[in-house]
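What follows is one structure encoded as structure tokens, with my remarks underneath.
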Amino acid sequence: MKTERLDKIIGARTSYSRKEAKSLIAKGRCLLNGKVAKGADTKVDLERDTLTLDGQELLLKEHLYLMLNKPAGVLSAARDPKQPTVIDLVPEHLRRTGLFPAGRLDKDTEGFVLITDDGGFAHRILSPKRHVEKTYEARLDGPVTEEMIRRFSEGVRLDEETLCLPALLRVLEEGEHPLAEVVIVQGMYHQVKRMFEKQGRQVLHLKRTAIGALRLDPQLACGEAREILDKELDQILDKTEAVFPR
Ligand code: URA
């Protein structure tokens, strides 16, 4: 049985400080298993108990994994003194200390950002050795040629020292500004934009649509976040649906 003090949990799982948590508990605003929780030092069973604060359930799980549909204009950082970050978009009931984005999207890139407080899991999905696939949709300023598809599949050379691992490129929509899908297994700075630039194309709009085999939930509006279910979490590291053999 894994237990923790009530005031410590509220301090860690909400934006209230531990001192404020004590006062909320004293005012009877906190229910443990449906009954008003008595003392700040009450032990809470993280696996079995249910806890609410002002009627809102607090997630007691040790770690939290969130899927955010990041809008353009927001930084993929835990905090920034001047600009809004992905953590600012986490709704109050999913907030807790220690949340950070596992991997970065450019400020103008939209789509799937995984937010967690589990450093071990973040390390596993970001580790260059793991080759977790990241899928993007890129709106381009010109056509995708067979030659570009071949170059992506062989690995684009970004500069003298940097040869990218093979990537998948396919066209989703033809037209003056085609929409392409790109699957990469690395996370280098501006990687997708630079890979296209090397082929003489500008990326007009970029959106991450999947991490591993887990697709961005189409129900999630831009700027919204939700918890990732346990079975979905497995899809991130699942190799059976991978495009590239590992
Ligand atoms: N590649 C880019 O160029 N930008 C991103 O945000 C992610 C991948």
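Structure data summary
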read-out	value
Accessible area expressed per residue, the range 164-229, with surrounding protein chains retained (probe 1.4 Å, Å²)	48
The range 3-57 - percent of accessible surface contributed by carbon and sulfur, probe 1.4 Å	48
With all protein chains modelled, accessible area of Ser23 [1.4 Å, Å²]	50
Cα shape, the range 3-57, gyration tensor, a/c 1.5 rule	rounded
Whole-percent carbon and sulfur share, accessible surface of the range 166-246, 1.4 Å	50
Helix-derived mean residue ellipticity, 222 nm - over the chain, DSSP H n ≥ 4, -39500 (n - 2.57), to 500	-5500 deg cm²/dmol
Residue-normalised accessible area of the range 3-57, expressed per residue, 1.4 Å probe, Å²	58
Placed amide H near Arg157: partners under 5 Å, 5+ positions off or other chain	Cys164
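The values are calculated or read from the model by the stated rules, or taken from the named source; none is laboratory data. Everything quoted here is computed from the prediction, not taken from an experiment. Ligands, DNA and RNA are excluded from the accessible area calculation, which covers all protein heavy atoms including side chains. Shrake-Rupley method; radii C 1.70, N 1.55, O 1.52, S 1.80 Å.
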